[in-house]
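Reviewing the structure listed below.
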Amino acid sequence: MIIKSKNFILRPYRKGDAADVVENINDEKVSRFLSIVPYPYTTKDANYWIKKCLKEGKEKKKTAVRFAIEIGGKVVGAIDLSNIHGHKAEIGYWLGRKYWNKGIMTESIKLITKFGFGILNLKRIYAPVFTGNGSSARVLEKNGYKREGLFKKDISKNGKLYNSYLYAKTK
């Protein structure tokens, strides 16, 4: 499945994407609010992730749908729906720093939310957001996601526990 926008393409990962992924995610400011992304991020990490995504893409019963964000033939970020169970899924995303503040993630969230509610027939899409990640909260709010609550010591990253807000949108 490929989703085209005027400014970028959402597409499945490919075997040759590792160098682009490392180039854009191996940045402390990009990875700091990503619970499962290590820093530094290596080619080995990228190859593992891409292999996992390719395997998930072949499964009949989807528990995750993952897209690379491509601009000018390069992967500059990613967005996915994971933990798909029945009527709901979790949205997750990241974008290389040089692409911030250009509306790319706001539009990506709009497109994948439409995909989730339409193609996947979901009724609820949710996102845990580190309490210090105001940028992520804003792009969700721009897309009609509402903050539902605060979860204390919810996210574990690098041996520390962080509070998170839960955002969600329902159909």
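Computed quantities for the displayed model
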{"read-out": "Rounded to whole Hz, the Karplus (6.51, -1.76, 1.60) HN-Hα couplings of the range 49-65, x for glycine and proline", "value": "4, 5, 4, 4, 5, 5, 5, 4, x, 8, 6, 5, 8, 6, 10, 7, 10"}
{"read-out": "Trypsin sites (Lys or Arg not before Pro) within the range 20-88: DSSP coil, no more than 16 neighbouring Cβ in 10 Å", "value": "ARG32, LYS60, LYS61, LYS62"}
{"read-out": "Per-selection Kirkwood Rh - the range 3-122 (Cα, Å, 1 d.p.)", "value": "14.6 Å"}
{"read-out": "Low-density loop positions, GluC sites (Glu not before Pro), the range 38-93 - DSSP coil, at most 12 other Cβ in 10 Å", "value": "GLU59"}
{"read-out": "³J(HN,Hα) computed for each position of the range 159-164 - Karplus, 6.51 cos²θ - 1.76 cosθ + 1.60, integer Hz, glycine/proline x", "value": "x, 10, 9, 10, 7, 9"}
{"read-out": "Lysines with Cα under 25 Å of LYS61, excluding same-chain neighbours fewer than 8 positions away", "value": "LYS4, LYS15, LYS51, LYS52, LYS88, LYS110, LYS114, LYS123, LYS169, LYS171"}
{"read-out": "Computed E for ARG14/LYS98 - FRET, C-beta separation, R0 25 angstrom, nearest 0.05", "value": "0.70"}
{"read-out": "Rounded, prolate or oblate (a/c below 1.5 giving rounded, otherwise prolate when a/b exceeds b/c) for the range 93-171 by Cα gyration tensor", "value": "oblate"}
{"read-out": "Highest to lowest packing among 13-23, 153-163, scored as the average C-beta count within 10 Å", "value": "13-23, 153-163"}
{"read-out": "Estimated [θ] at 222 nm from DSSP helical runs (n ≥ 4, -39500 (n - 2.57)) normalised by residues in the chain, nearest 500", "value": "-9000 deg cm²/dmol"}
{"read-out": "LYS61 paired with ASN121, simple spin-label distance in nm, labels 7 Å along Cα-to-beta-carbon", "value": "1.6 nm"}
{"read-out": "Average Cα contact separation per residue, the chain, under 8 Å, 6 or more apart, as relative contact order %", "value": "18 percent"}
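Throughout, read-outs are computed from the coordinates displayed, never taken from laboratory work. Since the structure is predicted, the reported quantities are computational estimates derived from the model, not experimental observations. When we count neighbours, we look across all protein chains shown, and the Cβ atoms used for this are built from the backbone with ideal geometry, even at glycine.
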